[in-house]
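For reference, the structure discussed in these notes is given below.
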Amino acid sequence: MRLPTFPGAARPSRPRPAVGPARPLAPLLRVLAVIATTLALGHWAAGPVTRAEAAATGTVARWCGLSMVRQLPGTDLVHGFHGYQPFFIRITPSCSALTVVAACAGVSLLILGGTWRQRLVGAVAAAALFATANLARLVAVLWVGQDYGIPTMVGFHDWGGTLWSYLMLLLAVLLMVALRIGRRPRRPGGAGGADRTNGTDRADETDETDEVEER
């Protein structure tokens, strides 16, 4: 039997569906997985990656006009000249983009959430951004060493390069977040059309009320 309802009366509340058991350890396990993967890659893949980055640094430096810059074959050393004085830079694991790229990819795939397409696009975009920025930083260090000498190069590497890396890391995180922000679909009539429709409905309701009162 259905009871009659009156205007303004409170409707009976519907029972809420049962919620499954909470899994508080799942986010922590994902964070630990990202940390473990990053450390493993930094340990096992550091040698080949740093040698590849040294080769890429030497090649890009020559494209940018630093004709005397070369990689020592098979090593992670890149040498240049300040006048007649040679100098070397070593692409160590801390200077490499490997660990940061692995961390960004893990955060995008396992922590930030979203659809799998958003996760993959975010991981690839963040990795490409930071890897390119790190390569530009290494070339800039070589350019400062060639034009201004070794002491200035060391200071630029320690301060300017570090600030640049932090800035690029922040941009990579913001890029991953921005790629997950969806656009709201626009209505065909637009906001103005909706307002006009609501105004017409209110006018019709007012006319019907006036007719009832006259009767």
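The values are calculated or read from the model by the stated rules, or taken from the named source; none is laboratory data. These numbers were taken from a predicted model, which means no experiment stands behind them. When we count neighbours, we look across all protein chains shown, and the Cβ atoms used for this are built from the backbone with ideal geometry, even at glycine. Only protein heavy atoms, including side chains, enter the accessible area calculation; ligands, DNA and RNA are left aside. Shrake-Rupley method; radii C 1.70, N 1.55, O 1.52, S 1.80 Å.
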Over the range 35-151, what relative contact order in percent results from Cα pairs under 8 Å that are six or more residues apart? 28 percent
Please label the shape of the range 71-138 as rounded, prolate or oblate, based on the square roots a ≥ b ≥ c of the eigenvalues of the alpha-carbon gyration tensor (a/c under 1.5 means rounded; beyond that, a/b larger than b/c means prolate, else oblate). prolate
With every protein chain kept in place and a 1.4 Å probe, the residues CYS104, CYS64 fall, from largest accessible area down, as CYS64, CYS104
Assuming R0 = 41 Å, can you tell me the calculated FRET efficiency for the pair ALA45 and ALA178, based on Cβ-Cβ distance, to the nearest 0.05? 0.90
Express the carbon and sulfur contribution to the solvent-accessible surface of the range 58-133 as a percent, rounded to the nearest whole number, probe 1.4 angstrom. 68 percent
Can you tell me the convex hull volume per residue for the range 103-174, based on C-alpha atoms, in Å³ to the nearest whole number? 65 Å³
Grab every C-alpha pair in the range 36-149, bin the distances at 10 angstrom width from 0 up to the longest one, and report whole percents. 15, 39, 28, 14, 4, 0
